[in-house]
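Peer 1: Can you read through this structure? Questions will come right after.
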Amino acid sequence: MKPNIICLCGSSRFIESFAVLAWEFEKDGNICLGLHYLPPSYPTHVPDHLAEAEGVREQMDELHKRKIDLADEVFVINVNGYIGESTRSEIEYAIAHGKPVKYLEAV
């Protein structure tokens, strides 16, 4: 049986939640796509918005939409209900392309 592919979306400020949820979903036999945790030792480490800090936001936003294309569903990591501009764009893209969207917290 083919594993379900889940694309995790949300703010990079929740990167630790990305790592935990990816682990939990993959333990259940799913494949997860999303952001990657970078340790504080990474040369240009910032706590969030690393793509902006490294000047690759547009490139990473487009790449994330390709991940959505590959996914069977999207899971939004909206801690405390927070959904930023990029994540909102990804949700709209997913819906427009017929991908089911689920949320960590009710919206």
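Peer 1: Which of (1) without any contact (Cβ under 8 Å) to a residue 40 or more places away in the chain; (2) more than 12 Å from the chain's Cα centre (by Cα); (3) open to solvent by 60 Å² or more (accessible area, probe 1.4 Å) does residue 63 not meet, given it meets every other one?
Peer 2: Failed condition: (2).
Peer 1: What number of residues within segment 15-32 satisfy the criterion of being touching a residue at least 40 places away in the same chain (Cβ under 8 Å) and closer than 22 Å to residue 95 by Cα? Spell out the reasoning first.
Peer 2: Residues of segment 15-32 that are touching a residue at least 40 places away in the same chain (Cβ under 8 Å), as a first pass: 17-18, 21, 25.
Next, from what is left, pick out any that are closer than 22 Å to residue 95 by Cα: 18, 21, 25.
Matching residues across segment 15-32 total 3.
Peer 1: Any residue in segment 57-64 that is modelled with pLDDT of 90 or more and touching a strand residue (DSSP E or B) at 6+ places or on another chain (Cβ under 8 Å)?
Peer 2: yes
Peer 1: When residues of segment 1-39 are filtered for being outside any helix (DSSP H, G or I), open to solvent by less than 90 Å² (accessible area, probe 1.4 Å) and over 17 Å from residue 71 (Cα atoms), how many remain? Step through it out loud before you land on a result.
Peer 2: Filtering segment 1-39 for residues outside any helix (DSSP H, G or I) gives 1-11, 28-39.
Cutting the leftovers down to open to solvent by less than 90 Å² (accessible area, probe 1.4 Å) gives us 3-11, 29-35, 38-39.
Now drop any that are not over 17 Å from residue 71 (Cα atoms), which leaves 11, 38-39.
Number of matching residues: 3.
Peer 1: Looking at segment 19-33, which of its residues are at pLDDT 95 or above and of a type outside the set (Asp, Glu)? Let's see the steps before the verdict.
Peer 2: Restricting attention to segment 19-33, the residues satisfying the condition of being at pLDDT 95 or above are 20-33.
Of everything in segment 19-33, those that are at pLDDT 95 or above and of a type outside the set (Asp, Glu) turn out to be 20, 21, 22, 23, 25, 27, 29, 30, 31, 32, 33.
Peer 1: Is one or more of the residues making up segment 73-94 without any contact (Cβ under 8 Å) to a residue 12 or more places away in the chain and hydroxyl-bearing (Ser, Thr, Tyr)? Before the answer, list the steps.
Peer 2: First, the residues of segment 73-94 that are without any contact (Cβ under 8 Å) to a residue 12 or more places away in the chain: 85, 88, 92.
Of the ones still in play, those that are also hydroxyl-bearing (Ser, Thr, Tyr) are none.
No, segment 73-94 contains no residue that is without any contact (Cβ under 8 Å) to a residue 12 or more places away in the chain and hydroxyl-bearing (Ser, Thr, Tyr).
Peer 1: Which of the residues belonging to segment 98-107 are part of a loop (DSSP other than H, G, I, E, B) and surrounded by 15 or more Cβ atoms within 10 Å (Cβ to Cβ)? Break it down into steps so the answer makes sense when it comes.
Peer 2: First pass over segment 98-107, keeping only residues part of a loop (DSSP other than H, G, I, E, B): 98-100, 104-107.
Passing the criteria: 99, 104.
Peer 1: Considering only residues that are open to solvent by 90 Å² or more (accessible area, probe 1.4 Å) and assigned to a helix (DSSP H, G or I), which ones fall in segment 40-60?
Peer 2: Within segment 40-60, 58, 59 meet the criteria.
Peer 1: Still on this structure, please answer the following. Have a look at 95, 91, 68 and point out the one that is open to solvent by less than 40 Å² (accessible area, probe 1.4 Å), out of contact with any helix residue (DSSP H, G or I) (no Cβ under 7 Å at 6 or more places or on another chain), modelled with pLDDT of 95 or more and not in a loop (DSSP other than H, G, I, E, B). Reasoning before the result, please.
Peer 2: Numbers: 95 fails: open to solvent by less than 40 Å² (accessible area, probe 1.4 Å); 68 fails: out of contact with any helix residue (DSSP H, G or I) (no Cβ under 7 Å at 6 or more places or on another chain).
After ruling out the rest, the residue left standing is 91.
Peer 1: Ok, one more. Scan segment 71-88 for residues that are charged (D, E, K, R) and either open to solvent by less than 40 Å² (accessible area, probe 1.4 Å) or assigned to a helix (DSSP H, G or I) (or both) and jot them down.
Peer 2: Here is the first cut: in segment 71-88, the residues charged (D, E, K, R) are 72-73, 85, 88.
Scanning segment 71-88 gives 73, 85, 88.
Peer 1: Of the conditions (1) over 19 Å from residue 89 (Cβ atoms); (2) in contact with a Ser or Thr (Cβ under 9 Å, 6 or more places away or on another chain), residue 35 clears all except one; give me its number.
Peer 2: (1)
The values are calculated or read from the model by the stated rules, or taken from the named source; none is laboratory data. Everything quoted here is computed from the prediction, not taken from an experiment. Reconstructed Cβ throughout: ideal geometry from the backbone, glycine too, with neighbour counts over all protein chains shown. Remember, those area values only see protein heavy atoms, side chains included, never the ligands or the DNA or RNA. Shrake-Rupley method; radii C 1.70, N 1.55, O 1.52, S 1.80 Å.
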